[in-house]
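Asker: Okay, handing you the structure first.
The values are calculated or read from the model by the stated rules, or taken from the named source; none is laboratory data. Nothing here was measured: the structure is a model prediction, and the numbers come from that model. Cβ placement follows ideal geometry from the backbone for every residue including glycine, while neighbour counts extend to all protein chains displayed. Heads up: the accessible areas ignore ligands, DNA and RNA and are worked out on the full protein's heavy atoms, side chains in. Shrake-Rupley method; radii C 1.70, N 1.55, O 1.52, S 1.80 Å.
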Amino acid sequence: MPYSLPSFLVVSSLLFCLGMFTVLTRRNAIGILMGIELVLNGAGLNFVAFSRFLEPSQTTNLLSGQLFTLFIIAVAAAEVAVALAIVLSLYSRMKTIDVEDFKELRG
Amino acid sequence: MKDIIFNVFILLTVIPCFWVALSSNIVHAAFSLLITLFGVAGLYVLLGADFIGVVQVIVYIGGILILIIFGVMMTQRGKLLPLSIQLPGKVFGAVLTGVILVALVLTATKSLWPVASILGEPQPTSAAIGDLLLGKYLIPFEVASVLLLVALVGAVLIVRRSVRGE
């Protein structure tokens, strides 16, 4: 593929769709987390690609896209920490991380 | 030359990605995720985002992936549970994501993006990003740091409560 904006967009669409497929089809809670990471990476790649290739306007900075990616990475770190805490707490309570077994929300 | 390196990083990103989605072994999926994240870091560097590339390696590979592998190890005692759902659901998921993928790829390739006519040479970005984070984007930066703090405390609290068995 040539070094151009559509190539990057196609790669990030692939990341997004494979991540979504992972989220939809995994039974293992940690497998689902990996899918979420793929989706977030696809989004971040999109932001950086647009900030590199698009014509900069008067109001936006050239680096705005990269900063958005930076914030996405920070939010992903927070999300993974909380999600793994929930998974480990569910594991110690129910001895499994199969999401098909988590059918009740009572305490 | 640049095109060759670019395509190598694309393959490095996309091929392990399929393994993450389809592998029947959670440990293999975790290590494929490592290669994918590294490939994305390479693509960031090729886009002239050196700082983001390094942050990607440090935070994703050094932090998030290690956490995920810890999680895999701590929850894999006993029987190996089936990793994916049964076939009808899988087909439904494949059709749904396939439709979305076709739509996204068509949008990416057929749209007329307002692409800059001349691509400037990539400049070092760290100093400019630091200026923006402590200037124009100060409030989001502080909110992000508070979010990280809250997530940290919340994670500890959730695990502690379940260990105590309250």
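Asker: Solvent-accessible area per residue for the range B:1-136 at a 1.4 Å probe radius, Å²? Walk me through the numbers before you get to the answer.
Answerer: Working: 7710 Å² over 136 residues.
Ligands and nucleic acids excluded, the figure is 57 Å² per residue.
Asker: Here's another thing I want to ask about it. How much FRET efficiency would the formula 1/(1 + (r/R0)^6) give for B:Ile85 and B:Trp113, where r is the Cβ-Cβ distance and R0 is 30 Å, rounded to 0.05? If you can, show how the numbers build up before the last one.
Answerer: Working: r = 37 Å, r/R0 = 1.25.
E(calc), rounded to 0.05, equals 0.20.
Asker: Continuing with the same structure: Calculate I(q)/I(0) for the range B:9-48 by the Debye formula, one identical point scatterer on each C-alpha and no solvent, and give its log10 at q = 0.18 Å⁻¹ to two decimals.
Answerer: Those come out to -0.43, one per q.
Asker: Accessible area of chain A with a 1.4 Å probe: how many percent of it is carbon plus sulfur? Present the calculation step by step, with values, prior to reporting the outcome.
Answerer: Working: 2880 of 4340 Å².
Ligands and nucleic acids excluded, carbon and sulfur reach 66 percent.
Asker: In addition: Where does chain A land on Rg(C-alpha)/(2.2 N^0.38 Å)? Let's see the in-between values first.
Answerer: Numbers: Rg = 17.8 Å, N = 107, 2.2 N^0.38 = 13.0 Å.
Ratio of Rg to 2.2 N^0.38 Å for chain A: 1.37.
Asker: Moving on to the next point. In terms of solvent-accessible area of protein heavy atoms at a 1.4 angstrom probe, what is the ranking of A:Met94, A:Met34, B:Met1, highest value first?
Answerer: B:Met1, A:Met94, A:Met34
Asker: Students often forget the sequence filter, so: which aspartates and glutamates lie under 14 Å Cα-Cα from B:Lys136 once same-chain residues fewer than 8 apart are removed?
Answerer: Cα-Cα hits under 14 Å: none found.
Asker: Let me ask something else about it. Name the residue, out of B:Leu149, B:Leu134, B:Leu46, whose mean-square fluctuation peaks in a Gaussian network model built on chain B with Cα pairs under 10 Å.
Answerer: Highest fluctuation of the listed residues: B:Leu149.
Asker: Then there's this: How large are Rg and Dmax for the range B:98-143 when calculated on the C-alpha trace, in angstrom?
Answerer: 17.5, 42
Asker: Please list the non-local residues whose amide H lies under 5 Å from the amide H of B:Ser84, H modeled 1.01 Å from N, same-chain partners needing a gap of 5 or more.
Answerer: Hits under the 5 Å cutoff: A:Arg27.
Asker: Which order do B:Trp113, B:Trp19 take when ranked by solvent-accessible area (1.4 Å probe, heavy atoms of all protein chains), largest first?
Answerer: On the way: B:Trp113 80, B:Trp19 130 Å².
The ranking, largest first, comes out as B:Trp19, B:Trp113.
Asker: Given an 8 Å cut-off on Cα distances and at least 6 residues of separation, report the relative contact order of chain A as a percent.
Answerer: Working: 94 pairs, mean separation 28.4, N = 107.
Relative CO of chain A lands at 27 percent.
Asker: While we're on this one: Taking a probe of 1.4 Å and counting only protein heavy atoms, give the total accessible area buried between chains A and B in Å², rounded to the nearest 100. Kindly include the intermediate steps, with their values, before the conclusion.
Answerer: Values: alone 7960 and 13460 Å², together 14330 Å².
For A against B, buried area totals roughly 7100 Å².
Asker: I would also like to ask the following. Heads up, I need the accessible area for B:Ser111: 1.4 angstrom probe, whole protein in place, Å², nearest 10.
Answerer: Probe radius 1.4 Å; accessible area of B:Ser111 about 40 Å².
Asker: Which shape class, rounded, prolate or oblate, goes with the protein assembly as shown when its Cα gyration tensor gives a ≥ b ≥ c as root eigenvalues, a/c under 1.5 marks rounded, and past that a/b bigger than b/c marks prolate? Don't skip to the end; give the middle numbers.
Answerer: On the way: a/c = 2.23, a/b = 1.43, b/c = 1.56.
In terms of gyration-tensor shape, oblate.
Asker: Now for a separate question. When only the heavy atoms of the protein chains count and the probe is 1.4 Å, how do A:Arg26, A:Arg93 rank by accessible area, highest first?
Answerer: A:Arg93, A:Arg26
Asker: What chymotrypsin sites (Phe, Trp or Tyr not before Pro) in the range A:1-45 are in a loop by DSSP, with at most 12 other Cβ atoms within 10 Å of the Cβ?
Answerer: Details: sites: A:Tyr3, A:Phe8, A:Phe16, A:Phe21; in loops: A:Tyr3.
Here no chymotrypsin sites (Phe, Trp or Tyr not before Pro) fit, given the DSSP loop and packing criteria.
Asker: Given N residues in the range B:1-103, what is its alpha carbon radius of gyration divided by 2.2 N^0.38 Å?
Answerer: 1.27
Asker: At B:Leu147 and B:Ala128, where each label point lies 7 Å from the Cα along Cα→Cβ, what is the point-to-point distance in nanometres?
Answerer: Those two pseudo-labels are separated by 2.4 nm.
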